[in-house]
């Protein structure tokens, strides 16, 4: 189960980090005010409805939200990735880290794929490994003793 947990944590962490990087890139593109000024100046209906400063403020606020979601997703991915890496040495700590990462994945941008992988990895990390226990019954049955008539003749 620890190998499964390790693989799930690493894959979930990679997906969350990639999503976070894309969100941060999108947020940085939203923060470019010159683009929003050009869009505002090109739209006559926009100039009638809202002032230029309000429009740019709304656009950059959206950029900050995406940037925050991206940073949160990278943090959740890093936490799950670290949990997946250390699961063979400290399985309880790794399981807790992956479950916390699953909660963060849901909160930041509702990253369901990483959340499911982290939850499964965390449960598998916390599950106790079965110990090798001797079977209660013998696997081989005793052979019947040969009867005198079946004895080889000398």
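The values are calculated or read from the model by the stated rules, or taken from the named source; none is laboratory data. In this text, all values refer to a predicted model and were calculated from it rather than measured experimentally. Every residue, glycine as well, gets a Cβ built from its backbone with ideal geometry; the counts of neighbours run over all protein chains shown.
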| field | Failed criterion for residue 68 (all others in (1) within 23 Å of residue 107 (Cβ to Cβ); (2) at pLDDT below 85 hold) | value | (2)
| field | Residues satisfying the stated conditions in the range 108-131, i.e. more than 18 Å from residue 17 (Cβ to Cβ) and assigned to a loop (DSSP other than H, G, I, E, B) | value | 127, 128, 129, 130, 131
| Candidates 26, 103, 12, filtered to the one that is buried (at least 18 other Cβ atoms within 10 Å of the Cβ) and either out of contact with any strand residue (DSSP E or B) (no Cβ under 8 Å at 6 or more places or on another chain) or not in a loop (DSSP other than H, G, I, E, B) (or both) | 12
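Please enumerate the residues belonging to the range 68-96 that are under 30 Å from residue 40 (Cα atoms) and surrounded by fewer than 19 Cβ atoms within 10 Å (Cβ to Cβ). Please lay out each step first, then the result.
Filtering the range 68-96 for residues under 30 Å from residue 40 (Cα atoms) gives 68-71.
Selection gives 68, 71.
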| Got at least one residue in the range 53-66 being in contact (Cβ under 8 Å) with a residue 12 or more places away in the chain, within 18 Å of residue 14 (Cβ to Cβ) and assigned to a helix (DSSP H, G or I)? | no
| remark: Reported set for the range 106-128 where residues are surrounded by fewer than 21 Cβ atoms within 10 Å (Cβ to Cβ), touching a helix residue (DSSP H, G or I) at 6+ places or on another chain (Cβ under 8 Å) and over 29 Å from residue 64 (Cβ atoms) is 119, 120, 123, 126
| query | Being more than 9 Å from the chain's Cα centre (by Cα), closer than 22 Å to residue 3 by Cα and modelled with pLDDT under 95, is that true of even one residue in the range 133-148? | reply | yes
